[in-house]
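This report refers to the structure that appears directly beneath it.
The values are calculated or read from the model by the stated rules, or taken from the named source; none is laboratory data. Because the structure is predicted, anything quoted here is derived from the model rather than measured. Ideal geometry is used to build each Cβ from the backbone, glycine not excepted, and the neighbour counts take in all protein chains shown.
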Amino acid sequence: MTTRLNDFDQPVGAALPDWSGARLPDAPSLQGRYCRLERLSAERHAAGLYAAYRDAQDARDWTYLPSGPYDTPEAYHAWLLNAEKQPDPRHYAVIDLTTGQPVGTVALMRIDVANGVIEVGYVTYSPRMQRTRLATEVMALFLRYVFDELGYRRFEWKCDALNAPSCAAAARFGFTFEGIFRQAIVTRGRNRDTAWYSIIDSEYPALRAAFEQWLAPSNFDANGVQQHKLAQLIAKSRSVCVKASG
């Protein structure tokens, strides 16, 4: 990469003469093949989500989240009432298109339109969608939305550095690990070191192709077992893009 120098012979970043900022996420829904993301509504989603979360055998899925679990439907409904009003985080319910029922929630947050940076967070998936095609399609829908439609330059994933499943998910989805912010926040009365991951816009085309291949019905046999892993498809797609650019 050629180093760009200013008038004082100091190295500076690449010029962005056409940059005018990204757009706020305002779509009421995002439609996929297996799921639909709907702006969160306590009235429409609270009862179904509470029932879906109650399928879990214990409360371990809430350990690294900032709130929950909720012992009563009323307590969860109250939390959703507050969450649905927030412009940031902007929460979405995940609707299983097979059943028509909500099975999890996720949010776009830390929305920085001036710099084109946005984060996925509050990933709260019930057992009904964990390790299913829906969980992967949620990420594919968000990636397409923030890069193709809204014009963001950077998509972030952050989690407790001790949350091994979340770190593994970020890697599987193609995020690049950037480091750990030590003693970043205090949550639930304990320290949290935060692991940072990101995808930038130049990396997205390779990821888009890999997600499309993985989510295609032809990638699953009659029993629903994947024929190719997402990580393998991402590596192959990235290799093709590198060769094409070379």
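Summary table below
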| item | result |
| --- | --- |
| Some residue of the range 102-121 being assigned to a helix (DSSP H, G or I) and either surrounded by 18 or more Cβ atoms within 10 Å (Cβ to Cβ) or of a type in the set (Gly, Ala, Ser) (or both) | no |
| Restricting the range 195-225 to residues that are surrounded by 15 or more Cβ atoms within 10 Å (Cβ to Cβ) and of a type in the set (S, T, N, Q), the residue that is nearest to Leu108 (Cα to Cα) | Ser198 |
| Residues satisfying the stated conditions in the range 56-88, i.e. outside any loop (DSSP other than H, G, I, E, B) and surrounded by 16 or more Cβ atoms within 10 Å (Cβ to Cβ) | Asp61, Trp62, Tyr76, His77, Leu80, Ala83 |
| Within the range 1-28, tally of residues that are touching a residue at least 24 places away in the same chain (Cβ under 8 Å) and at negative phi | 6 |
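Residue-wise test of (1) touching an Asp or Glu at 6+ places or on another chain (Cβ under 7 Å); (2) at pLDDT below 95; (3) over 30 Å from Asp148 (Cβ atoms).
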{"site": "Ala22", "(1), (2), (3)": "no, no, no"}
{"site": "Gln31", "(1), (2), (3)": "no, no, no"}
{"site": "Leu40", "(1), (2), (3)": "yes, no, no"}
{"site": "Ala56", "(1), (2), (3)": "no, no, yes"}
{"site": "Thr63", "(1), (2), (3)": "no, no, yes"}
{"site": "Ser67", "(1), (2), (3)": "no, yes, yes"}
{"site": "Asn82", "(1), (2), (3)": "no, no, yes"}
{"site": "Asp88", "(1), (2), (3)": "no, no, no"}
{"site": "Val94", "(1), (2), (3)": "no, no, no"}
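Conditions tested, residue by residue: (1) closer than 30 Å to Gly48 by Cα; (2) not in a strand (DSSP E or B).
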| position | (1), (2) |
| --- | --- |
| Ala140 | yes, yes |
| Val146 | yes, yes |
| Lys158 | yes, no |
| Glu178 | no, no |
| Val186 | no, no |
